[in-house]
Structures are given as structure tokens and as C-alpha cells.
Number of protein chains: 2
Amino acid sequence: MAAGCPLCEGDGGRLVLRAARFRVIHAEEAGFPGFYRLVWGSHVAEFSDLPASDRAHCMEAVAVIEQAMREHLQPAKINLAALGNMVPHLHWHLVARYEWDSHFPAPVWAAARQDSPAERLAEVAGRLPALEDTLRQRLAALT
Amino acid sequence: MAAGCPLCEGDGGRLVLRAARFRVIHAEEAGFPGFYRLVWGSHVAEFSDLPASDRAHCMEAVAVIEQAMREHLQPAKINLAALGNMVPHLHWHLVARYEWDSHFPAPVWAAARQDSPAERLAEVAGRLPALEDTLRQRLAALT
């Protein structure tokens, strides 16, 4: 626990599952319904602050989430990132990207290029409950 | 090899080292002297396209690079990302970020917030040869 760290003091978004060493939240970023974060449990800033066994566990969980997102959401591309400039508590962004989304092919942090069609956003959002059931099943098996 | 893929047909930047399964390039992005990419050797789009042993090897290499960047460049934060919307050939961005840099604390893909001081950029650039010697030594040991 680090005082004042929003990822120590709260979940950081809608909780999907809590595992022994991390949790998964839905990021609730407007325009990107398929946006999840793996938040590491302990307060470390950098990926390389973790011991090798935790790094391996963390990235296998990232791969499980990515694979389930691909199966359920069928994105054009998955984007992975661990930035943490504003909140230096290790968390991985996992974003399902589509050719129709507001920023594609630019990163989600760049300027928007177009409006995302509302019906496409709704269609992706509709697939999240089944995806999240899969995440809970597969990540329970991993832990 | 995928026809038309710039990361199959060229190195993608100044080559720092070539290992059995990946290479490391300096990204030459203006304003970010401490910007490297690990480019996976075979043409796969997504991290989860790799078998588990390759994923583990890839991320241990990322951790080695990150650690060496921290030691030599002493950044405020390291940013890691595998995006690939434009070039869907697996590559990891590793960026040394500083509180004085043009975009901090925003991601490097967001809009600039300020000018980076030229003397700070030059200071970081001056540290790259020693960093790259370390990368060649440590990644040779990993392979």
C-alpha cells in the first residue's frame, strides 16, 4: 500500500476478477468498450521491479486476457501497454482496436480521427459479459 | 517473412543487436533519445500468437532492456507498449520518460505539452553508447 496511490486505495474501475497477485478491471474509457486493465496487487512502479516469477505470471495473465479478448471481441488488433507516468503502480492496458474506432490506426492516447459508430460500440459492449465469464474461468485456472 | 511488412523487409531503425529470436533497434524518435524497440524475428501480429516459451523469452528480454535503461538513463518512468496497428509485426516499444520531456506525463503518442530542453536531450543521448554495450552483453547472455 502506498498512501495516495489510486490503485492501492481503490480498484481503479469496474472489477472483473481478483486473483492472488493481480486484479482485472474494465477501464470504462469512452469510445473503447473493449478496454481492460490488469492491475498488479503490490505497489511497484516498473515491470522490472517484479521478480522473474511474478513477471512471468503477470505476462501469462496478460496473454490469457488478450487471447480471450481476441476470441470474444474479434478486434483488428490488440494494444498492450504499461505506462504509469501518472499512476506509477504497475498496470497493463489491454485494448481491443477496430478499423472503425475513433483513433485507429493511431494509439488510443493520440488525437481522435473520426467518430466511432454507436451501433458498433454497442455490439462490442454486448459481448463483454461472455468475455468476462471466460476471463474469470481461465484466470482462476492460472492462479 | 510477410511481403510488404517493413519489419520483415528491414531492421526498422538503427540496429543495436540481433539475437536468435529478436533484434533491438534504437527508434530515432525526435524528442525521445531513450526510445528502443524489441522487434520479434518472425512475423506474428499479436503477443498471444507466440507460444508460451517465446512469450517468456520475449518478456525476459524486455525486462533486461528496461533494467539496463533504468540503470544508464535514470528515467522518471519506463513506458512499455506493443501496439502494432500500423505495422502488425510484434514489436515492443521501450521509452525512457522524464518529467522534463515534451509529453510528460502524457504518453508519447499524445499531444506535446512543452518543449524538451536541448541540453537534457543531449545528456541522455550521450549515455546511449554505454547502455547499448550493456544491452549487447546482457542479451547475449540471455540467448
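The values are calculated or read from the model by the stated rules, or taken from the named source; none is laboratory data. Model, not experiment: these values are computed from the prediction. Every residue, glycine among them, receives a Cβ derived from its backbone with ideal geometry; neighbour counts consider all protein chains shown.
Checking the structure you have, find out if any residue of the stretch B:44-59 is β-branched (Val, Ile, Thr) and over 16 Å from the mean Cα position of the chain (by Cα).
yes
State yes or no: is B:His72 within 14 Å of chain A (Cβ to nearest Cβ), touching a residue at least 60 places away in the same chain (Cβ under 8 Å) and under 26 Å from A:Arg70 (Cβ atoms)? Outline the logic, then answer.
Numbers: within 14 Å of chain A (Cβ to nearest Cβ): yes; touching a residue at least 60 places away in the same chain (Cβ under 8 Å): yes; under 26 Å from A:Arg70 (Cβ atoms): no.
For B:His72, the condition - within 14 Å of chain A (Cβ to nearest Cβ), touching a residue at least 60 places away in the same chain (Cβ under 8 Å) and under 26 Å from A:Arg70 (Cβ atoms) - is not met.
Answer with yes or no whether B:Gly4 is in a loop (DSSP other than H, G, I, E, B) and within 14 Å of B:His93 (Cα to Cα). Break it down stepwise before answering.
Values: in a loop (DSSP other than H, G, I, E, B): yes; within 14 Å of B:His93 (Cα to Cα): no.
No, not satisfied.
Could you run through the stretch A:97-120 and say how many residues are more than 11 Å from every other protein chain (Cβ to nearest Cβ) and crowded, with 17+ Cβ neighbours inside 10 Å? Steps first, please.
Just the residues of the stretch A:97-120 that are more than 11 Å from every other protein chain (Cβ to nearest Cβ), to begin with: A:100, A:102, A:112-120.
Add one more test, that the residue is crowded, with 17+ Cβ neighbours inside 10 Å, and what stays is A:102, A:116.
Within the stretch A:97-120, residues that are more than 11 Å from every other protein chain (Cβ to nearest Cβ) and crowded, with 17+ Cβ neighbours inside 10 Å number 2.
Output the qualifying pairs, or none if there are none: Cβ atoms under 7 angstrom, residues six or more apart or on different chains, first residue in the stretch A:37-53 and more than 12 Å from chain B (Cβ to nearest Cβ), second residue among the β-branched types (Val, Ile, Thr).
Pairs found: A:Arg37/A:Ile25; A:Leu38/A:Val24; A:Leu38/A:Val62; A:Leu38/A:Ile65; A:Val39/A:Ile25.
Tell me whether the stretch A:45-56 contains one or more residues that are aliphatic (A, V, I, L, M), over 17 Å from B:Arg70 (Cβ atoms) and modelled with pLDDT of 95 or more. Outline the logic, then answer.
Within the stretch A:45-56, the first condition is being aliphatic (A, V, I, L, M), and the residues that meet it are A:45, A:50, A:52, A:56.
From what's left, over 17 Å from B:Arg70 (Cβ atoms): A:56.
Next cut, modelled with pLDDT of 95 or more only: A:56.
Yes, the conditions are met somewhere in the stretch A:45-56.
How many residues does the stretch B:3-20 hold that are touching an Asp or Glu at 6+ places or on another chain (Cβ under 9 Å) and either modelled with pLDDT of 95 or more or closer than 16 Å to B:Asn85 by Cα (or both)?
5
Can you give me the ranges of the strands (runs of 3 or more DSSP E) entirely in the stretch A:23-126 with at least 1 residues that are more than 23 Å from A:Gly4 (Cβ to Cβ) and among the hydroxyl-bearing types (Ser, Thr, Tyr)? Write out each step before concluding.
Working: elements: A:35-40, A:77-82, A:91-97.
Ranges flagged: A:35-40.
Return only the number of the condition from (1) more than 7 Å from chain B (Cβ to nearest Cβ); (2) modelled with pLDDT of 95 or more; (3) not in a loop (DSSP other than H, G, I, E, B) that A:Ala141 does not satisfy.
Result: A:Ala141 fails condition (2) only.
Can you tell me which residue within the stretch A:8-27, out of those that are hydrophobic (A, V, I, L, M, F, W, C) and under 17 Å from A:Ala45 (Cα atoms), is surrounded by the fewest Cβ atoms within 10 Å (Cβ to Cβ)?
The initial filter retains those residues of the stretch A:8-27 that are hydrophobic (A, V, I, L, M, F, W, C), namely A:8, A:15-17, A:19-20, A:22, A:24-25, A:27.
Within this subset, residues satisfying the condition of being under 17 Å from A:Ala45 (Cα atoms) are A:8, A:22.
On the way: A:Cys8: 16, A:Phe22: 23.
If we take residues in the stretch A:8-27 being hydrophobic (A, V, I, L, M, F, W, C) and under 17 Å from A:Ala45 (Cα atoms), then A:Cys8 is surrounded by the fewest Cβ atoms within 10 Å (Cβ to Cβ).
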